[in-house]
Amino acid sequence: MTHQRLQSLDFLRGLTMVLLTLESTELFSVLGSPLKGTAAFPILNQFYHHPWHGLHLWDLVQPVFMFVAGTALAFSVKKSRQYLTWNQTLIKTLKRSGWLFAWGVLDYAVRKQGLSFELWDVLTQLSFTTLVAFLILSWPVKAQIGVSILCLLLPEFLYRCIQVPGFDQPFTDQHNFGNYMDLVLMHKTNDGGWVAINCLSTSAHTIWGSLAGQLLLSARPAREKLRILLLAAAALLFLGFGLDGAGVTPIVKRIATSTFVLASGGWCFLFLALSYWWVDLRDHRKHLFIFLIFGMNSIFIYLFTEIVASRWFNGYIFFITGGLLGFVHVSGVLAEVIGCLTVFALEVGMLSFLYRKKVFFKV
């Protein structure tokens, strides 16, 4: 199994991208108003980021994305080292990180008011965490775990101990050290509270994903691999929610606190364990095609939804569907939902075409 493509990895990455793509069609926003006040709204609310202190399902999308990237990194490096030296593999990883950084900056660069330099995109963050995970990939497991712990402790120190006037409230929006660093790096802060130095603590996500990949590549029995994944999930969930509940550090996704990274990392291990058990061990691979095509072209569909769809494609399709549905007197929320699903269906068709042509965009 270690020499075969890990289908559970493609499934988990694909599931993440399906959710992101549905969100980019504005489907969740469209459903928000009609479902508000109903029994279904608490479920829909899980598809929005938590305002600050707490954790929603949607807060796990980026951690899973970065965790799975670490798992894929372990498989990629294992394959590359069969014909490349370590230095050549390093150069390859540096190029990949460079492209991720460039695309991440480009994603936020074009605004109506002009060009903008921002470092909040997930690809920009991933460019840093990927390099960190790669540089320690050949270290002993305990050393890699140690580095991941340092990734959590460093931001704790910075937030709590670096006292900058006006930015000396560790876990308060717009008044924390992360906001200060954004002013230094970009001369502005994010209205939503996101900060660029999230890449420090979230490096743990990619390191843990890499460790999971190394585990799955090992010669250990499959059941033992599954047991270790579940134990890691339980330990991280216990630590994350336990430290939050004890009042040590709050779970805040927008500044990637240590407890957030621990708790979300636990969910990442659990999701991978369940996917590995269901897809690879139980061999349930039917009806996974849609996740496969999203997972194998994840960078492409992410950039397409962020740069092309949100700025032009979605609106163009909404005009067409709205106009056609108007002829048969369908309007309101139903027309909007149909428009969103039409956009999604067209994107599925595009990915299916690329898959059949064996066109896969990688950086």
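The values are calculated or read from the model by the stated rules, or taken from the named source; none is laboratory data. Everything quoted here is computed from the prediction, not taken from an experiment. Cβ placement follows ideal geometry from the backbone for every residue including glycine, while neighbour counts extend to all protein chains displayed. Surface areas here come from the heavy atoms of the whole protein model, side chains and all, with no ligands, DNA or RNA. Shrake-Rupley method; radii C 1.70, N 1.55, O 1.52, S 1.80 Å.
If you go through region 157-176 and keep only what is farther than 16 Å from Trp194 by Cα and either part of a loop (DSSP other than H, G, I, E, B) or charged (D, E, K, R) (or both), you end up with Arg160, Ile162, Gln163, Val164, Pro165, Gly166, Asp168.
Just checking, does region 69-78 include any residue being exposed (fewer than 15 other Cβ atoms within 10 Å of the Cβ) and assigned to a helix (DSSP H, G or I)? The answer is no, given that none of the residues of region 69-78 is exposed (fewer than 15 other Cβ atoms within 10 Å of the Cβ) and assigned to a helix (DSSP H, G or I).
Selection within region 32-59: residues that are among the aromatic types (Phe, Trp, Tyr) and under 22 Å from Gly266 (Cβ atoms). The member of this set that is nearest to the chain's Cα centre (by Cα) is Trp58.
Taken over region 96-134, residues that are out of contact with any helix residue (DSSP H, G or I) (no Cβ under 7 Å at 6 or more places or on another chain) and free of Cβ contacts under 8 Å to residues at least 12 places away in the same chain amount to 6. Among residues of region 156-165 being open to solvent by less than 40 Å² (accessible area, probe 1.4 Å) and within 13 Å of Tyr180 (Cβ to Cβ), the one that is farthest from the chain's Cα centre (by Cα) is Val164. Trp52 satisfies every condition listed in (1) over 30 Å from Gly245 (Cβ atoms); (2) open to solvent by 40 Å² or more (accessible area, probe 1.4 Å); (3) of a type in the set (A, V, I, L, M, F, W, C); (4) at pLDDT 95 or above except (1).
May I ask you to verify whether Val359 is open to solvent by less than 70 Å² (accessible area, probe 1.4 Å) and not in a helix (DSSP H, G or I)? Here the answer is yes, as Val359 does meet what is asked. What residue, among those in region 79-115 that are of a type in the set (Phe, Trp, Tyr) and closer than 14 Å to Ile299 by Cβ, is most open to solvent (accessible area, probe 1.4 Å)? Checking each candidate, the answer is Trp99. For beta carbons closer than 8 Å, sequence separation of 6+ or different chains, a first residue in region 163-183 that is more than 14 Å from Arg254 (Cα to Cα) and hydroxyl-bearing (Ser, Thr, Tyr) and a second that is buried (at least 20 other Cβ atoms within 10 Å of the Cβ) and modelled with pLDDT of 95 or more, the qualifying pairs are Tyr180/Phe167.
In the set Val343, Val333, only one residue is open to solvent by less than 20 Å² (accessible area, probe 1.4 Å) and either in a helix (DSSP H, G or I) or acidic (Asp, Glu) (or both); that residue is Val343.
Here the helices (runs of 4 or more DSSP H) wholly within region 215-307 that include at least 2 residues being within 22 Å of Met17 (Cβ to Cβ) and of a type in the set (S, T, N, Q) are 258-275. Considered as a group, the residues in region 240-284 that are touching a residue at least 24 places away in the same chain (Cβ under 8 Å) and surrounded by fewer than 20 Cβ atoms within 10 Å (Cβ to Cβ) include one that is farthest from Ser8 (Cα to Cα), and that residue is Pro250. Collect the residues in region 184-198 that are part of a helix (DSSP H, G or I), in contact (Cβ under 8 Å) with a residue 12 or more places away in the chain and surrounded by fewer than 24 Cβ atoms within 10 Å (Cβ to Cβ), keeping them in residue-number order. Correct list: Leu185, Met186.
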